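Remarks on the structure that follows.
The values are calculated or read from the model by the stated rules, or taken from the named source; none is laboratory data. Note that the structure is a prediction, hence the values are computed from the model and not measured. We place every Cβ from the backbone using ideal geometry, glycine too, and count neighbours over all the protein chains shown. Side chains are part of the model used for accessible areas, which takes the heavy atoms of the whole protein and leaves out ligands, DNA and RNA. Shrake-Rupley method; radii C 1.70, N 1.55, O 1.52, S 1.80 Å.
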Amino acid sequence: MMDMNTLAWVSKKKILGGAKFSMTATIPIAKNSLTSDVTGPVSGGGGLADSYYQPFILGWNESRFAIRAVYGFLAPTGRFQNGANDNVGSGYWTHAFSSGQTFYLTKNKATSISAFQMYEVHTTQKSTSIHPGDTLDLDYSVMHSFSLGGEKRVQLGLVGYNARQTTDKTGPTITPAQSKAHYKVNALGVGSNLSLSAKINVGFKYFQEFANRSTFQGHSIQFSGSIKF
């Protein structure tokens with residue numbers, strides 16, 4: 001379980017061909033419990049997890065498309081101790097370079113196709129000298145919105161994500177087989193967003209993972225909400 005709390009700021013001025021500059025900070029509170037059918041309980045802990053900051057976001061919004069270019073980093077603010085079974089942090093920094101695109105298939109923007117790509121560059125984990133492999137992530141969706149009267153609208157559609165480890169994991173305790181065992185994740189699901197007004201939005205997503213490799217496989221349910229000040 002993760003409580004993701006994000007604060008976003010958007011400039012009113014436009015730069016670089018009409019782009020708006022913005023920044024975000026996400027502070028998560030986590031509670032986790034991991035159990036293996038083979039070894040029983042593996043780990044469980046709670047508290048402040050690793051926080052995510054995006055100090056540089058450029059966004060272009062046009063009548064039929066919207067594009068974002070982002071640099072962010074994941075800070076190891078969550079508790080991490082080598083060998084502990086109650087960690088909620090990763091113990092290393094991550095640099096994230098990402099971009100998102102939304103294309104509207106109709107003039108009224110009712111039907112849209114969206115994609116989001118992120119490349120993660122990980123640093124060496126403290127106290128273990130393990131360097132996790134870099135990863136490439138892809139999120140995508142096909143959505144259609146319907147009017148509920150007034151300012152209220154509901155958006156429904158298909159959603160999915162993929163993740164791939166692109167470089168070897170290295171470290172003094174990592175075997176050659178473990179180093180070459182790049183993980184992959186695949187998921188498909190359904191999503192919805194409900195706009196109660198121009199300033200209030202709530203969302204729901206359900207994903208089912210399949211054909212994963214060298215990692216855990218399961219499903220996830222996500223709830224989200226936003227308020228514009």
Label of the coordinate-derived value, Kirkwood radius over Cα pairs in Å, listed as (i) 17.8; (ii) 19.8; (iii) 20.3: (ii)
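Determine the relative contact order of the stretch 114-164: mean sequence separation of Cα pairs under 8 Å and six or more apart, normalised by residue count, in whole percent.
33 percent
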Most mobile listed residue (PRO176, PRO55, PRO132) in the chain, GNM with C-alpha springs under 10 Å: PRO176
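Share of the chain's accessible area from carbon and sulfur, percent, 1.4 Å?
C and S atoms contribute 62 percent here.
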For the chain, built as a Gaussian network whose Cα springs stay under 10 Å, the top-fluctuating residue of SER99, SER33, SER90: SER33
Positive-end residue, the chain charge dipole about Cα centroid, Cβ charges, pick of PHE80, GLY59, HIS219: GLY59
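With contacts defined as alpha carbon pairs under 8 Å and 6 or more residues apart, what's the relative contact order of the stretch 74-229 in percent? Present the calculation step by step, with values, prior to reporting the outcome.
Numbers: 375 pairs, mean separation 22.4, N = 156.
Computed value for the stretch 74-229: 14 percent relative contact order.
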Coil-residue trypsin sites (Lys or Arg not before Pro) of the stretch 8-103, DSSP, other Cβ within 10 Å capped at 15: ARG64
Accessible solvent surface per residue of the stretch 1-128, calculated while the other protein chains remain in place, 1.4 angstrom probe, Å²: 60 Å²
Expected 222 nm ellipticity per residue - DSSP helices of 4 or more, -39500 (n - 2.57), all of the chain, to 500: -500 deg cm²/dmol
Under 28 Å from the Cα of LYS184 - lysines, other chains or at least 8 residues apart: LYS31, LYS126, LYS169, LYS205
